[in-house]
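Before any comments, here is the structure.
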Amino acid sequence: METIRTKCLIIGSGPAGYTAAIYTSRANLSPVMYVGHQPGGQLTTTTEIENFPGYHNGITGSEMMDDLHKQATRFGADVRNGIITEVDFSKRPFTAKADDGIEIVADTVIISTGATARYLGLSDEDKYKGLGVSACATCDGFFYRGKKVAVVGGGDTACEEALYLSNIAAKVYMIVRKDFLRASKVMQRRVFEKENIEVLFNTVTSGLFGEDGLEGATLTEFMGTDKEKTYSLPVDGFFLAIGHTPNTDLFKGQIALDEAGYIITEAHTSLTNVPGVFAAGDVADPRYRQAITAAGSGCKAALDAERYLTELG
């Protein structure tokens, strides 16, 4: 087995991983990055990004990740296609194994594996991703100004997404499979007080439709024992707000995770409970999940890793 040695291994890409690669490269840490299952992260599924500073005309997610990739490699980052399949944080230096058969020995590790949005599992969801289907109202809500949209979910996140969209869209439907909202009382009150939000209880989505893009959803409402009604709801946007799953299976038993599986970091830092292992981006952020906050946390992780190595001597 081939073994490579590095001062910093970065697991995962996206804004967090690439920013960490840029900073650690410029600090002469000669980082090795494995981009993971989805090179560039969730942003590569976003057609247009208009809220990232510096891109006044907007940019696609794939183009932004390509820019970050070029910037990282320009400063010497060793960016590799592939997946880290095994890690050992029990002793230093840390070791990891990749699916290309290479073992990596690293003084520090930055984890930026991100989180995966949960979808309903409909075949139509993939068809309309970027064409009406989104898992981020903050990212894509602007494109539905004055239009009709639907939000799937009944928790606090769904209510937050619906409230955000209600200030942009003409009409917001909340599709809730139960006969109640799981959200906190204060969030429920805000939703019910919004005139342009309509909650569709006891309702599930059975399909999506549209020619050149999303035009609506097929819904089924359960009206009691053995009674149901299926109908079409015309909407321009369909937002999933049923949660995210952090990509941390690889690290279970290696570092501290919270009940939802997110990596626990020390307040205002990227430090995990294992000295020398740092976390950045959505993998440690169940709250914001934005490209700009992920990039900022990638910077913090790189600075923390550099400081750790300096103090280690």
- [ ] May I ask you to list the residues in segment 34-79 that are modelled with pLDDT of 95 or more and either in a strand (DSSP E or B) or under 20 Å from Ala135 (Cα atoms) (or both)?
- [x] Tyr34, Asp78, Val79
Task: Members of segment 119-135 that are over 15 Å from Asp236 (Cα atoms) and under 15 Å from the mean Cα position of the chain (by Cα) - done: Tyr119
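Is segment 101-118 home to any residue that is in contact with a strand residue (DSSP E or B) (Cβ under 7 Å, 6 or more places away or on another chain), modelled with pLDDT under 95 and in a loop (DSSP other than H, G, I, E, B)?
Residues of segment 101-118 in contact with a strand residue (DSSP E or B) (Cβ under 7 Å, 6 or more places away or on another chain): 102-113, 115-118.
If we keep only those that are modelled with pLDDT under 95 as well, we get 115-118.
Right, trim to in a loop (DSSP other than H, G, I, E, B) and you get 118.
The answer is yes, given that some residue of segment 101-118 is in contact with a strand residue (DSSP E or B) (Cβ under 7 Å, 6 or more places away or on another chain), modelled with pLDDT under 95 and in a loop (DSSP other than H, G, I, E, B).
If you scan segment 185-205, which residues turn out to be out of contact with any helix residue (DSSP H, G or I) (no Cβ under 8 Å at 6 or more places or on another chain) and either assigned to a helix (DSSP H, G or I) or of a type in the set (D, E, K, R) (or both)? Don't jump to the end; show me each part of the working.
Of segment 185-205, the ones out of contact with any helix residue (DSSP H, G or I) (no Cβ under 8 Å at 6 or more places or on another chain) are 185-186, 189, 192-193, 195, 198, 200-205.
Of everything in segment 185-205, those that are out of contact with any helix residue (DSSP H, G or I) (no Cβ under 8 Å at 6 or more places or on another chain) and either assigned to a helix (DSSP H, G or I) or of a type in the set (D, E, K, R) (or both) turn out to be Lys185, Val186, Arg189, Phe192, Glu193, Glu195, Glu198.
Might you check whether a residue that is basic (Lys, Arg), in a strand (DSSP E or B) and surrounded by fewer than 23 Cβ atoms within 10 Å (Cβ to Cβ) occurs anywhere in segment 5-24?
Going through segment 5-24, the residues basic (Lys, Arg) turn out to be 5, 7.
If we keep only those that are in a strand (DSSP E or B) too, we end up with 5, 7.
Okay, now just the ones that are also surrounded by fewer than 23 Cβ atoms within 10 Å (Cβ to Cβ), so 5, 7.
The answer is yes; a qualifying residue exists.
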Task: Check on Ile59, of a type in the set (A, V, I, L, M) and without any contact (Cβ under 8 Å) to a residue 12 or more places away in the chain - done: yes
Open item on the list: Suppose we filter segment 162-184 for residues that are crowded, with 16+ Cβ neighbours inside 10 Å, in a loop (DSSP other than H, G, I, E, B), of a type in the set (Gly, Ala, Ser) and out of contact with any Cys (no Cβ under 7 Å at 6 or more places or on another chain); how many remain?
Closed with: 1
Task: Criterion (in contact with an Asp or Glu (Cβ under 8 Å, 6 or more places away or on another chain) and not hydroxyl-bearing (Ser, Thr, Tyr)) met by exactly one of Ala294, Ala279, Ala284, Ala302 - done: Ala294
Task: Output for segment 261-287, where each listed residue is more than 16 Å from Arg307 (Cβ to Cβ) and either surrounded by 13 or more Cβ atoms within 10 Å (Cβ to Cβ) or touching a strand residue (DSSP E or B) at 6+ places or on another chain (Cβ under 7 Å) (or both) - done: Gly261, Tyr262, Ile263, Ile264, Asn273, Gly281, Asp282, Val283, Ala284, Asp285, Pro286
Open item on the list: Please go through segment 218-240 and give me each residue that is in contact (Cβ under 8 Å) with a residue 24 or more places away in the chain and over 20 Å from Ile168 (Cα atoms), ordered by number.
Closed with: Leu219, Thr230
TODO: Output yes when any residue across segment 226-235 is closer than 21 Å to Arg118 by Cα, surrounded by 14 or more Cβ atoms within 10 Å (Cβ to Cβ) and among the hydrophobic types (A, V, I, L, M, F, W, C), and no when none is.
DONE: yes
- [ ] Starting from segment 131-142, keep only residues that are surrounded by 24 or more Cβ atoms within 10 Å (Cβ to Cβ), then list their pairs with residues that are of a type in the set (A, V, I, L, M, F, W, C) and part of a helix (DSSP H, G or I) whose Cβ atoms are within a distance under 7 Å, requiring at least 6 positions of separation or different chains.
- [x] Ala137/Leu165
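Okay, residues lined up against (1) surrounded by fewer than 19 Cβ atoms within 10 Å (Cβ to Cβ); (2) touching an Asp or Glu at 6+ places or on another chain (Cβ under 9 Å); (3) without any contact (Cβ under 8 Å) to a residue 40 or more places away in the chain:
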| position | (1), (2), (3) |
| --- | --- |
| Met33 | no, yes, no |
| Asn51 | yes, no, no |
| Gly76 | yes, no, no |
| Phe89 | no, no, no |
| Phe94 | no, yes, no |
| Asp107 | yes, no, no |
| Ile110 | no, yes, no |
| Ala115 | no, yes, no |
| Asp124 | no, no, no |
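The values are calculated or read from the model by the stated rules, or taken from the named source; none is laboratory data. Because the structure is predicted, anything quoted here is derived from the model rather than measured. FYI the Cβ positions are ideal-geometry reconstructions off the backbone, even for glycines, and counts take in every protein chain you see.
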